[in-house]
Amino acid sequence: MNIRVEAALILSRVIPCAGTTVSAQIDDCLDKAFQRVPLQDQRLLQEMVYGVCRRFLELEHTAHQLLKKPLRKKDNDVFFLMLVGLYQLTYMRIPDHAAVSETVSGGNSLKKSWAKGLLNGVLRNAQRQKQAALDKAGQDDQDSPPAPFQHTNPSLQYSHPAWLVEQLQQQWPEQWRSILEQNNVHPPFVLRANQSKTTTPDYLTLLADSDIPASAGQYCPDTIYLESPCAVDKLPRFDQGYASVQDEAAQLCCSLLQLEDGNRVLDACAAPGGKTSHLLEHPERNIELLALDLSAKRLERVTENFARLDLQQKGGPTTIKAANASELSSWWDQKQFDRILVDAPCSATGVIRRHPDIRWHRQPKDVAALAELQLQLLSALWQTLAPGGLLLYATCSILKTENVDVISQFVNSQSDVEHQALEISVGQLQQYGRQLLPTENGPDGFYFARLKKSQS
């Protein structure tokens with residue numbers, strides 16, 4: 001099995017190229033590939049797939065410079081194999097000769113032996129250019145070479161679609177470069193300690209006893225950062241529900257919702273259940289919870305999470321239901337909620353570093369459509385909130401169209417809305433709510449706004 005070919009075939013299904021239309025998600029493709037790829041090769045496969053996805057525009061630009069003529073659409077598999085080779089030469093610590101030879105041999109695996117000469121010529125040329133750049137820089141360290149191809153165009157330099165770069169430049173004029181840089185790095189590996197089974201200090205001790213370096217988060221008391229990624233089956237008592245993998249930004253939802261004992265709570269967009277389970281992990285609170293999601297299939301993950309975390313009998317009654325949250329007649333029993341969490345469908349532009357294919361799957365029209373959906377969802381769910389109750393609106397987007405603009409429209413359309421300041425210092429203060437931007441060794445991009453329904 002040629003791992004480079006596996007990577008190229010996944011990429012051809014994930015990234016639109018040469019007029020192709022794709023819809024596959026990178027994580028789904030990798031999960032399927034891992035079923036046939038040996039365990040010792042899985043990390044290498046993931047690094048090549050994620051790396052090319054993060055650097056696609058830059059690598060594509062380089063390939064076109066090195067090719068005498070473009071490849072045909074039916075040879076996209078060869079083109080992506082070429083990009084895999086270029087990524088290894090530019091960004092990985094694989095010896096050049098191994099990167100070239102293993103990639104070239106992939107032509108046989110694709111049953112396109114004619115491509116071997118082409119791949120060898122392009123990659124040898126790239127290798128020479130890389131060495132020339134190293135020589136010019138007076139650097140001999142092959143483990144961390146400078147990128148030999150530099151671009152003044154930020155879309156190419158940071159490998160993001162031009163429309164997204166333009167929006168970030170307009171909306172975050174001081175932070176857009178940092179955002180783009182963070183989108184291209186490996187994200188931190190973050191855990192949430194299950195407070196119904198352990199404490200954060202105790203779980204940090206378990207990690208230390210397992211020789212897994214870790215530290216507590218800054219903003220959420222349940223958060224733990226690992227120094228480096230770790231397979232979950234290596235985490236102490238993970239199968240017993242002592243911890244979950246969840247970014248610190250997402251963990252903030254639980255505290256910002258300000259749950260009180262006896263609250264009736266709605267999690268309106270619950271799957272896959274990370275935030276839902278967090279609401280139940282503090283045993284001192286006895287809440288009644290309804291977890292909704294449009295997808296019955298995705299709700300299976302919620303049930304699985306509950307079982308692993310041993311939450312089935314925790315707290316008050318919990319109901320999991322597949323329904324469209326904005327269609328009240330399909331699920332609402334006319335009893336109002338004290339707390340509502342709306343983790344709204346969004347562009348997910350705040351978590352591109354975790355899901356690099358997001359940048360290639362989104363279009364400007366998608367953002368506008370999502371903002372309309374988010375406003376509809378808020379308007380419908382507001383009817384189900386009791387006077388004096390709180391609604392927390394959250395997205396993993398960093399685009400104002402989906403965040404502060406949506407909340408502004410909603411607040412101005414209702415007469416019984418009180419916007420509340422949030423008791424956190426992280427992120428950028430907005431007219432309504434706070435915007436977190438992806439930060440090095442810190443939280444993902446996330447937006448929060450908390451609204452209170454006025455007493456009638």
Considering each of SER329, SER347 in turn, give the residue that is of a type in the set (Ser, Thr, Tyr) and in a helix (DSSP H, G or I).
SER329
Can you confirm whether ARG354 is surrounded by fewer than 21 Cβ atoms within 10 Å (Cβ to Cβ), in the same structural domain as GLU288 (by the TED database) and in contact with a Leu (Cβ under 8 Å, 6 or more places away or on another chain)?
no
For the range 156-170, give me each residue that is outside any loop (DSSP other than H, G, I, E, B) and either touching a strand residue (DSSP E or B) at 6+ places or on another chain (Cβ under 9 Å) or closer than 17 Å to CYS17 by Cβ (or both).
LEU156, ALA162
Residue under question is LEU391, and the condition is that it be aliphatic (A, V, I, L, M), part of a helix (DSSP H, G or I) and either free of Cβ contacts under 8 Å to residues at least 24 places away in the same chain or at negative phi (or both); does it hold?
no
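From ARG124, ARG128, ARG93, which residue is over 20 Å from ILE10 (Cα atoms), touching an Asp or Glu at 6+ places or on another chain (Cβ under 8 Å) and not aromatic (Phe, Trp, Tyr)? Write out each step before concluding.
Working: ARG124 fails: touching an Asp or Glu at 6+ places or on another chain (Cβ under 8 Å); ARG128 fails: touching an Asp or Glu at 6+ places or on another chain (Cβ under 8 Å).
Result: ARG93 is the single residue among ARG124, ARG128, ARG93 that is over 20 Å from ILE10 (Cα atoms), touching an Asp or Glu at 6+ places or on another chain (Cβ under 8 Å) and not aromatic (Phe, Trp, Tyr).
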Free of Cβ contacts under 8 Å to residues at least 40 places away in the same chain, β-branched (Val, Ile, Thr) and not assigned by the TED database to the domain that holds PRO345 - does that describe any residue in the range 226-240?
yes
Residues being part of a loop (DSSP other than H, G, I, E, B) and in contact with a helix residue (DSSP H, G or I) (Cβ under 6 Å, 6 or more places away or on another chain) - total across the range 113-126
1
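A quick yes/no check of all residues on (1) in contact with a strand residue (DSSP E or B) (Cβ under 9 Å, 6 or more places away or on another chain); (2) over 25 Å from CYS220 (Cα atoms):
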residue: LEU373; (1), (2): no, yes
residue: TRP382; (1), (2): yes, yes
residue: GLN428; (1), (2): yes, no
residue: ASN441; (1), (2): yes, no
Please specify each residue of the range 69-82 satisfying the condition of being surrounded by fewer than 15 Cβ atoms within 10 Å (Cβ to Cβ) and assigned to a helix (DSSP H, G or I).
LYS73, LYS74
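The values are calculated or read from the model by the stated rules, or taken from the named source; none is laboratory data. Just so we're clear, the structure is a prediction, and the values are computed from it rather than from any experiment. FYI the Cβ positions are ideal-geometry reconstructions off the backbone, even for glycines, and counts take in every protein chain you see.
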